[in-house]
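Visitor: First the structure, then my questions, so here it is.
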Amino acid sequence: MPTPPLPASFSPVEITGFVDADGDPIDQMGRNANWVYANHRPPAHLSTPIIDLVANANYQAPIEPSADGLVYEVYLSRKAGLVGATVTWTVQYGTTGSVQPGSGTGWTTLATVSGEVLTPSQEKWGEVATVTIPATATHIRVVQACSSGTVQLQSILILPDELSAIPTGARPSGFVAWINAMIEGEGPNNPEQLNRIWTNINATVGDRVQCVAALVQSDNIPMPIEPTTTKPFVTAMLAPAWLEGQGGASLKVRVGAKADADGCTITVGQQGGESVSFDVYNGLFYTYQADTIDLTHGAPVFYAVAGGPDGAQVDVLYIVISWRPGD
Amino acid sequence: MAVLPVIINWKGKTNSTRLAQGVTPPARLEYLLQLNDRVTAALTAYAAPGVCSLMGGRYFKVPVPPATKALQARAVVAWGSSAKSGAIADAPADVSVYADGSGGTAADEITIPVSNPGEGDLAMPPDGPWSLVTASETWQPTPAAAQDRLCEYTATLAGAGLEGVAVDECVGVCFRPYRASDLSSL
């Protein structure tokens, strides 16, 4: 099978009245679709954990990886404490979506970066690992373990790595590489040529779910949220976002949280638009729940508030809002 | 999205360019135009994610979509009077965001003033008062960024730091990419 072409850059196509059957613009559009497959890299997860300087922490968040088993880059921004630190980072995934913190099971390690040395108060950011996240993964987990000192993890970014070659054959996402041989020769164009370009774009963009807002906390030291009689609702998250032209799109909201009293809820929504509420009381255990909201317009302000009776405590592991283009 | 089967019957290698001269292009070219638009639209199929912070001095990076020529920062600030713990800022402070890749310079700084707390008060949720503040025209040009560029995103709260603030006080920030209308300049 011929090697699918991967142009170095996206080349704008100009369509005029004449359509050459075996060259531009159809071939160029097909090559551009290949380029998009190799270079479409929206954040699968982006968050700024609520955490101070600590020795050990575990951050988990829901994720919808590509069906194609893509390689993802993991970026971490971290800051060492006053005495510096030696820290090991581990990236894991889970498939059940209901792993209780501290259970120590249910996670599969994708990468371990051992013994990173940070000087006193050093701030460092960049890629720490590339991992192949299987399509079956429902959660991703970043584990921080300091053998000395403390570290504050300031942000987590996970996004698809760019490809240096286009895979051949049909991909689980529905993408089928464009190859020049399809239009070589003297034969007429056919619907497959055109449909493949269209479906390749839809498959690529729709397969890469984008994180549009997220809040995560370490599962061993989440900041407690404590409603009171005078303030029964407490803001847990506030985040603006842009989804240009996507008013009406369906967004997925997922919450991992627990509470120590019946009647505790977490409400996630957008200013002036839809919201969903989750009952997060499940005895001693965390609940993992999901729902959807319809986007009112393309410039939303997302919020999350925790509510409950006086004296209750709500612990949030994550609140994640994601968007699959096309939904 | 529905895909209609379209057959293009132009045959190559026949010097048939003249066939299209002086005539109205066939309607099926509309499909090609739509197809090309669909392919090109993939360059802008990015949401600009928002992040939420309770503490100042956060660094993170987000990928800059292709054809991005400038970035505009947007922030929302929430604060309340009923603190739960820690030191509370009496009023929200300006938010500074840096949109470069070297840790933040004045040239790339986008300052979002929080000088008008009454502007855009949010009527929801039952946890006010909230203030929604956006940077209207305070955008900064960035290098002609094509794909594979990560934008460093440094959110700093000037004045009163946010460390130790109550959990009901937070800041959310995101970038809005401005796209080039002329994709040939990528």
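The values are calculated or read from the model by the stated rules, or taken from the named source; none is laboratory data. Computed from a predicted model, the values in this text were never measured in an experiment. Glycine also receives a Cβ, built like all others from the backbone with ideal geometry; neighbour counts cover every protein chain displayed. Ligands, DNA and RNA are stripped out before the accessible areas are found, and what is left, the full protein with its side chains, is counted by its heavy atoms. Shrake-Rupley method; radii C 1.70, N 1.55, O 1.52, S 1.80 Å.
Visitor: Can we say A:Gly23 is surrounded by fewer than 21 Cβ atoms within 10 Å (Cβ to Cβ), in a loop (DSSP other than H, G, I, E, B) and either more than 13 Å from chain B (Cβ to nearest Cβ) or at pLDDT 90 or above (or both)? Write out each step before concluding.
Guide: On the way: surrounded by fewer than 21 Cβ atoms within 10 Å (Cβ to Cβ): yes; in a loop (DSSP other than H, G, I, E, B): yes; either more than 13 Å from chain B (Cβ to nearest Cβ) or at pLDDT 90 or above (or both): no.
So A:Gly23 does not fit the description; no.
Visitor: To continue, here is another question. Checking the condition among the charged types (D, E, K, R), outside any strand (DSSP E or B), touching an Asp or Glu at 6+ places or on another chain (Cβ under 8 Å) and touching a residue at least 40 places away in the same chain (Cβ under 8 Å), which residue from A:Arg78, A:Arg41, A:Arg31 passes? Explain how you work it out, then say what you get.
Guide: Numbers: A:Arg78 fails: outside any strand (DSSP E or B); A:Arg31 fails: touching an Asp or Glu at 6+ places or on another chain (Cβ under 8 Å).
None of the other options fit; the residue is A:Arg41.
Visitor: Can you find, within the range A:223-241, the residue that is nearest to A:Gln270 (Cα to Cα) among those that are open to solvent by 10 Å² or more (accessible area, probe 1.4 Å) and more than 7 Å from chain B (Cβ to nearest Cβ)? Working first, answer last.
Guide: Residues of the range A:223-241 that are open to solvent by 10 Å² or more (accessible area, probe 1.4 Å), as a first pass: A:223-224, A:226, A:228-233.
If we keep only those that are more than 7 Å from chain B (Cβ to nearest Cβ) as well, we get A:224, A:228-229, A:232.
Values: A:Pro224: 23, A:Thr228: 24, A:Thr229: 25, A:Pro232: 19 Å.
Among residues in the range A:223-241 that are open to solvent by 10 Å² or more (accessible area, probe 1.4 Å) and more than 7 Å from chain B (Cβ to nearest Cβ), the one nearest to A:Gln270 (Cα to Cα) is A:Pro232.
Visitor: In the range A:287-298, which residues are among the aliphatic types (A, V, I, L, M) and in a strand (DSSP E or B)?
Guide: Here is the first cut: in the range A:287-298, the residues among the aliphatic types (A, V, I, L, M) are A:290, A:293, A:295.
Scanning the range A:287-298 gives A:Ala290, A:Ile293.
Visitor: Would you point out the residue of the range A:296-308, among those that are closer than 24 Å to B:Ala45 by Cα and facing chain B (nearest Cβ under 10 Å), that is surrounded by the most Cβ atoms within 10 Å (Cβ to Cβ)?
Guide: Filtering the range A:296-308 down to residues closer than 24 Å to B:Ala45 by Cα leaves A:296-303.
Checking which are facing chain B (nearest Cβ under 10 Å) leaves us with A:298-303.
Working: A:Gly298: 17, A:Ala299: 20, A:Pro300: 26, A:Val301: 26, A:Phe302: 31, A:Tyr303: 28.
Out of the qualifying residues, it is A:Phe302.
Visitor: Hey, does the range A:193-201 have a residue that's open to solvent by 30 Å² or more (accessible area, probe 1.4 Å), out of contact with any Cys (no Cβ under 6 Å at 6 or more places or on another chain), more than 30 Å from B:Tyr46 (Cα to Cα) and of a type outside the set (D, E, K, R)? Break it down into steps so the answer makes sense when it comes.
Guide: Residues of the range A:193-201 that are open to solvent by 30 Å² or more (accessible area, probe 1.4 Å), as a first pass: A:195-196, A:199.
So of that shortlist, the ones also out of contact with any Cys (no Cβ under 6 Å at 6 or more places or on another chain) come out as A:195-196, A:199.
So of that shortlist, the ones also more than 30 Å from B:Tyr46 (Cα to Cα) come out as none.
Scanning the range A:193-201, I find no residue that is open to solvent by 30 Å² or more (accessible area, probe 1.4 Å), out of contact with any Cys (no Cβ under 6 Å at 6 or more places or on another chain), more than 30 Å from B:Tyr46 (Cα to Cα) and of a type outside the set (D, E, K, R), so the answer is no.
Visitor: Tally time: how many residues in the range A:44-75 are assigned to a strand (DSSP E or B), farther than 30 Å from A:Gly174 by Cβ and open to solvent by less than 10 Å² (accessible area, probe 1.4 Å)?
Guide: Let us first name the residues in the range A:44-75 that are assigned to a strand (DSSP E or B), namely A:45-47, A:54, A:56-62, A:71-75.
This time we only want the ones that are farther than 30 Å from A:Gly174 by Cβ, so: A:54, A:56-59.
If we keep only those that are open to solvent by less than 10 Å² (accessible area, probe 1.4 Å) too, we end up with A:57, A:59.
The number of residues fulfilling the criteria is 2.
Visitor: Here is a list of conditions, (1) within 24 Å of A:Gln270 (Cβ to Cβ); (2) in contact with a helix residue (DSSP H, G or I) (Cβ under 6 Å, 6 or more places away or on another chain); (3) at pLDDT below 85, and A:Gln193 meets all of them except one; can you say which number that is?
Guide: Answer for A:Gln193: the failing condition is (1).
Visitor: Now for a separate question. If you check A:Gly126 against the conditions, is it open to solvent by 30 Å² or more (accessible area, probe 1.4 Å), among the small types (Gly, Ala, Ser) and within 14 Å of chain B (Cβ to nearest Cβ)? Can you show your working first?
Guide: On the way: open to solvent by 30 Å² or more (accessible area, probe 1.4 Å): no; among the small types (Gly, Ala, Ser): yes; within 14 Å of chain B (Cβ to nearest Cβ): yes.
So A:Gly126 does not fit the description; no.
Residues are listed down the side, and each one gets a yes or a no for (1) modelled with pLDDT of 95 or more; (2) within 25 Å of the chain's Cα centre (by Cα); (3) of a type in the set (D, E, K, R):
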{"residue": "A:Thr130", "(1), (2), (3)": "yes, yes, no"}
{"residue": "A:Gln154", "(1), (2), (3)": "no, yes, no"}
{"residue": "A:Pro172", "(1), (2), (3)": "yes, yes, no"}
{"residue": "A:Trp178", "(1), (2), (3)": "no, no, no"}
{"residue": "A:Ile197", "(1), (2), (3)": "no, no, no"}
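Visitor: Right, another one. Provide a single number: the residues in the range A:242-286 that are open to solvent by less than 40 Å² (accessible area, probe 1.4 Å) and outside any strand (DSSP E or B).
Guide: Final tally of qualifying residues: 8.
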